[in-house]
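Undergrad: There's a structure below that I have some questions on.
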Amino acid sequence: MSEHTHEFCDPCTDVITARITEILMREIPGATSVMRATVEQDKKGTDFWVWRKCRRPLSVDVKVRKIDYTKFQPPDYADDLALETFNVIEQSVPGWTRDENKQTDYILWFWKDTGRWALVPFVLLCIVFRRKWEEWKLQYAPYVQRTPWNGADFHSECVFVPRKVVWREIYNQFAGSPPK
């Protein structure tokens with residue numbers, strides 16, 4: 001397990017919601033408004049809906065991290081994305097990054113202390129991660145998090161994969177190279 005501290009937090013604060021809304025309105029073409037999702041929608045992978053002109057709304061799952069380690073370490077080392085391998089280790093429940101049933105269109109990582117962000121198409125990430133997660137788990141030490149739930153505990157697991165590695169794999173998978 002890695003030595004990362006518990007660094008994830010709830011994206012619901014007004015300041016973070018305002019910043020996320022600003023990013024989504026600026027970066028999603030044709031965005032007309034951003035709305036928080038319901039608790040039920042959140043369970044299916046949506047934290048925010050981005051409404052657009054003449055289109056269906058986009059579902060955005062937000063991953064807020066407290067600490068941006070690029071402040072302390074070189075970006076090639078610390079510029080990573082937290083990708084969940086298991087949601088509940090005890091029951092072998094796949095993590096959100098491997099869950100093809102999520103209604104999510106985009107994942108937005110937001111680093112609370114610096115305001116840095118990364119927006120990734122979920123379907124592309126899910127396909128790549130389902131193919132690479134076991135390799136990346138060996139390459140990048142997994143981090144296990146304990147979560148109390150109804151008087152018991154469960155554990156989730158993620159790997160911190162450099163952002164460049166994730167984008168390179170997405171490119172390699174979907175760049176449309178001719179067949180060999």
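Undergrad: What is the set of long-range amide H partners of R65 at a cut-off below 5 Å, with H atoms built 1.01 Å from backbone N?
TA: F110, W111, K112
Undergrad: Enter the accessible area of S156 (Å², nearest 10), with the probe set to 1.4 Å and all protein chains included.
TA: Probe radius 1.4 Å; accessible area of S156 about 20 Å².
Undergrad: With the Cα gyration tensor of the range 51-139 giving a ≥ b ≥ c as the square roots of its eigenvalues, does the rule (a/c under 1.5 for rounded; else a/b larger than b/c for prolate; else oblate) give rounded, prolate or oblate?
TA: Numbers: a/c = 1.93, a/b = 1.07, b/c = 1.80.
Since a/c reaches 1.5 but b/c is at least a/b, the shape of the range 51-139 is classed as oblate.
Undergrad: Take the Cβ-Cβ distance between R168 and Q73 as r, set R0 to 35 Å, and report the resulting FRET efficiency rounded to the nearest 0.05.
TA: 0.95
Undergrad: Label V39 and L119 with points 7 Å out from Cα along Cα→Cβ: what is the distance between them in nm?
TA: 3.0 nm
Undergrad: Now for a different question. Taking the convex hull of the Cα atoms, report for the range 63-108 its projected area averaged over all directions, in nm².
TA: Directional mean of the projected Cα hull area for the range 63-108 stands at 4.4 nm².
Undergrad: Which ³J(HN,Hα) values in Hz, rounded to whole numbers, follow from the phi angles of the range 169-177 under the Karplus curve 6.51 cos²θ - 1.76 cosθ + 1.60, where θ = phi - 60° and Gly and Pro get x?
TA: Coupling constants for the range 169-177: 5, 4, 4, 4, 6, 10, 7, x, 5 Hz.
Undergrad: Please compute the modelled spin-label separation between E100 and A141, points set 7 Å along Cα→Cβ, answer in nm with one decimal.
TA: Going from the A141 label point to the E100 one covers 3.3 nm.
Undergrad: Taking 0.36 nm per residue of separation and subtracting the Cα-Cα distance, what length does fully extending E134 through T17 add?
TA: Computed gain between E134 and T17 is 38.8 nm.
Undergrad: Still on this structure, I have one more. Could you tell me the extents of the chain's C-alpha atoms along the three principal axes, largest first, rounded to whole Å?
TA: Sorted from largest, the Cα extents of the chain read 54, 44, 35 Å.
Undergrad: Continuing with the same structure: Quick one: how many lysine pairs in the chain have C-alpha atoms under 19 angstrom apart, if they're 8 or more apart or on different chains?
TA: Close lysine pairs found across the chain: 14.
The values are calculated or read from the model by the stated rules, or taken from the named source; none is laboratory data. Owing to the predicted nature of the structure, the values given are computational and were not obtained by experimental measurement. Note that we place each Cβ from the backbone using ideal geometry, even for glycine, and neighbour counts take in every protein chain shown. Only protein heavy atoms, including side chains, enter the accessible area calculation; ligands, DNA and RNA are left aside. Shrake-Rupley method; radii C 1.70, N 1.55, O 1.52, S 1.80 Å.
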